[in-house]
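The structure appears right after this line, and notes come after that.
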Amino acid sequence: MFSADIELPRSDPDEMRHWIEYLALEIGPRPYSSSKLLRKVADSLSESFKNLGYNVDEQLYYYKGEIYYNICASPKTRGIEQEGSVPLVVVGAHYDTVSHS
């Protein structure tokens, strides 16, 4: 099994709290019908991941005539190791919300 030899930034509880407050209080509800608002959040997420040193790719897709983005962040690797290295973990999350949340 191959995995990347990488150094990931440590989780910062204050930074996580900042993101929760930003999304919940400053931005508020983010239903799929608010594609411009979701783009603002996508831009903020991309910038934050880049500032942490991640490679960021955006996957564009269309839904009901609007453009949306998946934000994909991956750690920069220093090479590939085989045996004994720690496997990468894939984490996914939505940054939109259901209506009236």
* T77: out of contact with any helix residue (DSSP H, G or I) (no Cβ under 9 Å at 6 or more places or on another chain) and modelled with pLDDT under 90, yes or no? -> yes
* **Matching residues in the range 8-32 - criterion: being within 16 Å of H100 (Cβ to Cβ) and without any contact (Cβ under 8 Å) to a residue 60 or more places away in the chain** => A24, I27, G28
* What number of residues in the range 40-66 are on the phi > 0 side of the Ramachandran plot, without any contact (Cβ under 8 Å) to a residue 40 or more places away in the chain and surrounded by 11 or more Cβ atoms within 10 Å (Cβ to Cβ)? -> 0
* Subset tally (residues that are within 16 Å of the chain's Cα centre (by Cα), modelled with pLDDT under 90, part of a loop (DSSP other than H, G, I, E, B) and more than 16 Å from C72 (Cβ to Cβ)) for the range 1-56 -> 4
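The values are calculated or read from the model by the stated rules, or taken from the named source; none is laboratory data. Keep in mind that what you see is a predicted model, and the values were worked out from it rather than measured. Glycine also receives a Cβ, built like all others from the backbone with ideal geometry; neighbour counts cover every protein chain displayed.
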